[in-house]
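Participant: Can you read through this structure? Questions will come right after.
Values quoted throughout were computed directly from the atomic coordinates according to the rules given, and no laboratory measurement underlies them. The structure displayed is predicted, hence computed values, not measured ones. In this analysis, Cβ positions are derived from the backbone assuming ideal geometry, glycine residues included, and neighbour counts consider all displayed protein chains.
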Amino acid sequence: MEAGEVTAAREAAPPPLDAPLPVSDFVPLSVLVALVVVALTLLILKIIQTRKGSRRAVLLVGLCDSGKTLLFVRLLTASFRNTQTSIRDCSALYRVKNDKNSSVTLIDLPGYESLRLQFLDRFKAAARAIVFVVDSVAFQREMKNVAEFLYQVLTDSVVLKNAPPLLIACNKQDITMAKSSKLIQQQLEKELNTLRVTRSAAPSTLDSTNSGSASQLGKKGKEFDFSQLPMKVDFIECSARGSKGEEGSADIEALEKWMAKIA
């Protein structure tokens, strides 16, 4: 065999099996992996946005006589109406005041102690946001009951998972004896911290007050405050009745602005 033929045979021979592949062979694989990661990320974000978008309910919750139903009426009609304690939910489509012309389903839930967790269970999965209404005048004597119900809402597993924005609406600010939203926030944080300590010390079989499976409230080892929660919590002062009574308008501008922001 001549020298030229030997050289050609060597060039045509396949590379040894243990020979490293050229770097260029790895480029398409790395690009493919990157594209898959990006696609999966976009898909996850789309699923999250879809789930959030499917939750279009704003729940009005609170104790009896806190003014939930009158707030419900004022938001929908802007007019005053005498209301009474209800044993069923009431819902209506509410068009918020923003540039998007968005709408949500406003749902007023009963405040009776024997019913409120039952109705919370029914609607919590659909909650885009929750408005917890507090009677600012009766707060001092109702503080323990308010904190108890709020604790049940905040430690509900579904609420914690979805983390809908929460508004504490300190109602009846038109009355002289009403407590400020700042004071209500401070006292609720103290009361919720006390509840957390007593609940964590109690046997789980005895603590059956939560509507869903209970979770830890706030950060362990630290005094509780609302900034520790997974959802954003805001406090506002409002008056469903208004300073001029039945003939005047309600003082709910802060509530309407918050609704426009979360819709």
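Participant: Quick check for me: using +1 on Lys/Arg Cβ and -1 on Asp/Glu Cβ, what's the dipole size of segment 55-140 about its Cα centre, in debye to the nearest 20? If you can, show how the numbers build up before the last one.
Facilitator: Details: 13 positive and 7 negative charges, 89 e Å.
Taking the Cα centre of segment 55-140 as origin, the dipole is about 420 debye.
Participant: Now for a separate question. Take a quick pass over segment 127-256 and tell me how many lysine pairs come in under 23 angstrom between Cα atoms, counting only ones 8 or more apart or on separate chains.
Facilitator: Eligible lysine pairs with Cα atoms under 23 Å apart amount to 29.
Participant: Suppose R0 equals 22 Å; then what is the FRET efficiency for ASN98 and LYS244 from their Cβ-Cβ distance, rounded to the nearest 0.05?
Facilitator: Once the sixth-power term is evaluated, E becomes 0.25.
Participant: May I pose another question? For LYS232 and THR176 in one chain, what is 0.36 nm times their gap in residues minus the Cα-Cα distance, to one decimal in nm? Numbers along the way, then the final one.
Facilitator: On the way: separation 56, 0.36 × 56 = 20.16 nm, distance 2.94 nm.
In short, 17.2 nm is gained.
Participant: So how far apart, in nm, are the two label points at LYS219 and THR85 if each is 7 Å from Cα heading toward Cβ?
Facilitator: Placing both labels 7 Å beyond Cα along the Cβ direction yields 4.0 nm.
Participant: Checking the cross-link filter: which lysines have an alpha carbon closer than 17 Å to that of LYS97, excluding same-chain neighbours under 8 positions apart?
Facilitator: LYS257, LYS261
Participant: Quick one: which residues, 5 or more positions from VAL137 or on another chain, have an amide H under 5 Å from its amide H? H modelled 1.01 Å from N in the peptide plane, none for Pro or chain starts.
Facilitator: LYS179
Participant: Below 8 Å, C-alpha to C-alpha, sequence gap of six or more: please give me the relative contact order for segment 50-200 in percent. List each step's numbers first, then the result.
Facilitator: On the way: 219 pairs, mean separation 39.7, N = 151.
26 percent.
Participant: Under a Cβ-only charge scheme (Lys and Arg +1, Asp and Glu -1), can you give me the dipole magnitude of segment 128-263 about the Cα centre, in debye to the nearest 20?
Facilitator: Details: 18 positive and 17 negative charges, 106 e Å.
Result for segment 128-263 is approximately 500 debye, rounded to the nearest 20.
Participant: Assuming 0.36 nm per residue, please report the length gained on full extension of the stretch LYS257 to LEU115 beyond their Cα-Cα distance.
Facilitator: The span from LYS257 to LEU115 would gain 48.1 nm if fully extended.
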